[in-house]
1. Condition first: within 30 Å of residue 39 (Cβ to Cβ), polar (S, T, N, Q) and in a loop (DSSP other than H, G, I, E, B). Now tell me which residues in the range 85-131 satisfy that.
2. Being in contact (Cβ under 8 Å) with a residue 24 or more places away in the chain, surrounded by fewer than 19 Cβ atoms within 10 Å (Cβ to Cβ) and touching a helix residue (DSSP H, G or I) at 6+ places or on another chain (Cβ under 8 Å) is the requirement here; does residue 54 meet it?
3. Considering only residues that are touching a residue at least 12 places away in the same chain (Cβ under 8 Å) and not small (Gly, Ala, Ser), look in the range 76-86 and name the one that is nearest to residue 56 (Cα to Cα).
4. Does the range 167-177 contain at least one residue that is in a helix (DSSP H, G or I), under 18 Å from residue 43 (Cα atoms), within 17 Å of the chain's Cα centre (by Cα) and modelled with pLDDT of 75 or more?
5. Only one residue in 30, 13 is of a type in the set (Lys, Arg), in contact with a strand residue (DSSP E or B) (Cβ under 7 Å, 6 or more places away or on another chain), farther than 29 Å from residue 193 by Cα and at pLDDT below 90, so which one is that?
6. So which pairs qualify, if the first residue must be in the range 99-120 and without any contact (Cβ under 8 Å) to a residue 24 or more places away in the chain, the second must be surrounded by fewer than 16 Cβ atoms within 10 Å (Cβ to Cβ), the Cβ gap must be under 6 Å, and the two must be at least 6 apart or on different chains?
7. Just a yes or no: is a residue in the range 37-45 touching a residue at least 12 places away in the same chain (Cβ under 8 Å), among the hydroxyl-bearing types (Ser, Thr, Tyr), out of contact with any Ser or Thr (no Cβ under 6 Å at 6 or more places or on another chain) and crowded, with 17+ Cβ neighbours inside 10 Å?
Amino acid sequence: MINLALPLAILLKNPDGSEMSMMDLFHAGKEIMWPILLLSFIGITVVVERILFIIRENGTREAEVVEKMLENVEKRDIEGALAIGKKSKDYIARILVYTLTNKEYSLSNAFVRASSQELGRFSQGMATLDTVITAAPMLGLLGTVTGMMKTFGALGGGNLAAASGAITGGVAEALIATACGLLIAIMALLPYNYLNARIEQAKQEVGDASHALEILLKKGETNAPFGGR
């Protein structure tokens, strides 16, 4: 009669006693490992693309250009502000350029439209990454269920000594699938939180620019009768 309380170190060894390689672990995890592998590739692709996007946006950030644009708005030099902003690749500058270009029609709507387009670029891929984080442990749990079903099926045969390989394989399948699903979810959660924090930072920067622009335009309108030409 076999000892069912086998340690994990034994369960995750090859029949010849050697340590399992990554490929051995993949095969031991059975069919459920394929969707888990697909999720991992999707998660890695999204994370790499988003990190490159953040690096690119940080590289084109020009806070001094935004300040100069606002200074020109305060001086009621809208054309000067537009001339400065059109030369910049800063996303805040692009928002201000679009807003000032269409301010005669609707300042608030122009700003909302431009900011929504820019912030939408920051949110791309986040829903996919969220799906990976949610689905990976669920697939791991599904692998646990199927692995334990195989184990109990082997136990029901009566001859435990003959079924020892099936029992060990079912338990190993359950453990490997669960571990891989949780690992993918945890590894995706870290960049997901960072990217969410970066989106919130972008929203704050856009909101600050919106408030500053509105204040300066109102200030210019209030001082218009007294402003020099």
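1. 124
2. Numbers: in contact (Cβ under 8 Å) with a residue 24 or more places away in the chain: yes; surrounded by fewer than 19 Cβ atoms within 10 Å (Cβ to Cβ): yes; touching a helix residue (DSSP H, G or I) at 6+ places or on another chain (Cβ under 8 Å): yes.
Yes: the conditions hold for residue 54.
3. 84
4. Initially, the range 167-177 is screened for residues in a helix (DSSP H, G or I), giving 167-177.
After this cut, where a residue has to be under 18 Å from residue 43 (Cα atoms) as well, the list is 177.
Imposing the further condition that a residue be within 17 Å of the chain's Cα centre (by Cα) reduces the set to none.
No, the range 167-177 contains no residue that is in a helix (DSSP H, G or I), under 18 Å from residue 43 (Cα atoms), within 17 Å of the chain's Cα centre (by Cα) and modelled with pLDDT of 75 or more.
5. 13
6. Note: pairs meeting the criteria are 110/102.
7. yes
The values are calculated or read from the model by the stated rules, or taken from the named source; none is laboratory data. Keep in mind that what you see is a predicted model, and the values were worked out from it rather than measured. All Cβ positions, even for glycine, are placed from backbone atoms using ideal geometry, and neighbour counts span all protein chains on display.
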